[in-house]
């Protein structure tokens, strides 16, 4: 099984769909966003300045990071719930913009894929930068409003405020100098706004079948 790259903006359903796809295919799955979130959580906990590329980069290189299906740890500390808090969500784009952090996370992501001989990997630059030769590249997207409504349904909050935060996150992710959020020229774009999880997974499985 080669790499299936699932990219897309915040709230497009990447994690849910990538996890379901991996289960359907019987392969392993990596949530790369959780890697950046874990580094962010540790930076916040230890009081590092988020704009300090050197300090955040050192943290990324030196930490013992594990991202599993239902458990995320950094230096032995369980941060599975912590990485989904509003504080981490608000700060992760700053941390993820540092080239020092991205270089290390890309190294770990490639190591993960190589060690397993493939798998389903989701993020924002998997098909464009991390695995440009992936067997299949899928870019999931839908409108900021739909993504906000999903977030509110999951975690509560004001849909207008959440939508504004998502639009800003999209702006930050798509304009960072190092590996910005973008559709790969050979990616298949899938709008998840009016499809169920199973329907999207069916579509991706069919695409894999077409490519042998």
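The values are calculated or read from the model by the stated rules, or taken from the named source; none is laboratory data. Predicted model, so just to flag it, every value in this text is computed and none were measured. Note that we place each Cβ from the backbone using ideal geometry, even for glycine, and neighbour counts take in every protein chain shown.
What are the residues in the range 155-164 that are in contact with a helix residue (DSSP H, G or I) (Cβ under 9 Å, 6 or more places away or on another chain) and surrounded by fewer than 20 Cβ atoms within 10 Å (Cβ to Cβ), if any? Talk me through it step by step, then tell me what you get.
The initial filter retains those residues of the range 155-164 that are in contact with a helix residue (DSSP H, G or I) (Cβ under 9 Å, 6 or more places away or on another chain), namely 155, 157-164.
Correct list: 155, 157, 158, 159, 160, 161, 164.
Just give me the residues in the range 60-71 being without any contact (Cβ under 8 Å) to a residue 40 or more places away in the chain and outside any loop (DSSP other than H, G, I, E, B), in sequence order. So that I can check it myself, show each step before the final result.
First, pick out the residues of the range 60-71 that are without any contact (Cβ under 8 Å) to a residue 40 or more places away in the chain: 62-64, 66-68, 70-71.
62, 66, 67, listed by residue number.
One residue is enough: does the range 133-154 have a residue meeting the conditions more than 21 Å from residue 11 (Cβ to Cβ), in contact with a strand residue (DSSP E or B) (Cβ under 9 Å, 6 or more places away or on another chain) and surrounded by fewer than 17 Cβ atoms within 10 Å (Cβ to Cβ)?
If we filter the range 133-154 for residues that are more than 21 Å from residue 11 (Cβ to Cβ), which is where we start, we get 133-136.
Filter again for in contact with a strand residue (DSSP E or B) (Cβ under 9 Å, 6 or more places away or on another chain), leaving 133-136.
Still in the running and surrounded by fewer than 17 Cβ atoms within 10 Å (Cβ to Cβ): 133, 135.
Yes: the range 133-154 contains one or more residues that are more than 21 Å from residue 11 (Cβ to Cβ), in contact with a strand residue (DSSP E or B) (Cβ under 9 Å, 6 or more places away or on another chain) and surrounded by fewer than 17 Cβ atoms within 10 Å (Cβ to Cβ).
Residue by residue, here is whether (1) modelled with pLDDT of 95 or more; (2) exposed (fewer than 15 other Cβ atoms within 10 Å of the Cβ) holds:
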position	(1), (2)
51	yes, yes
70	no, yes
78	yes, yes
119	yes, no
122	yes, no
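Could you list all residues from the range 96-145 that are outside any helix (DSSP H, G or I), in contact with a helix residue (DSSP H, G or I) (Cβ under 7 Å, 6 or more places away or on another chain) and closer than 27 Å to residue 193 by Cβ?
Scanning the range 96-145 gives 119, 120, 121, 122, 123, 124, 131, 134, 136, 137, 138, 140.
Looking at the structure I just gave you, is residue 34 surrounded by 15 or more Cβ atoms within 10 Å (Cβ to Cβ), closer than 16 Å to residue 125 by Cα, touching a residue at least 12 places away in the same chain (Cβ under 8 Å) and out of contact with any strand residue (DSSP E or B) (no Cβ under 9 Å at 6 or more places or on another chain)? Steps first, please.
Numbers: surrounded by 15 or more Cβ atoms within 10 Å (Cβ to Cβ): yes; closer than 16 Å to residue 125 by Cα: yes; touching a residue at least 12 places away in the same chain (Cβ under 8 Å): yes; out of contact with any strand residue (DSSP E or B) (no Cβ under 9 Å at 6 or more places or on another chain): no.
In short, no.
Considering only the range 196-212, state which residues are exposed (fewer than 10 other Cβ atoms within 10 Å of the Cβ) and over 18 Å from residue 2 (Cα atoms).
196
Kindly indicate which of 47, 11 is surrounded by fewer than 18 Cβ atoms within 10 Å (Cβ to Cβ), at positive phi and assigned to a loop (DSSP other than H, G, I, E, B). If you could, list the steps in order and put the result at the bottom.
Details: 11 fails: surrounded by fewer than 18 Cβ atoms within 10 Å (Cβ to Cβ).
Unique residue meeting the criteria: 47.
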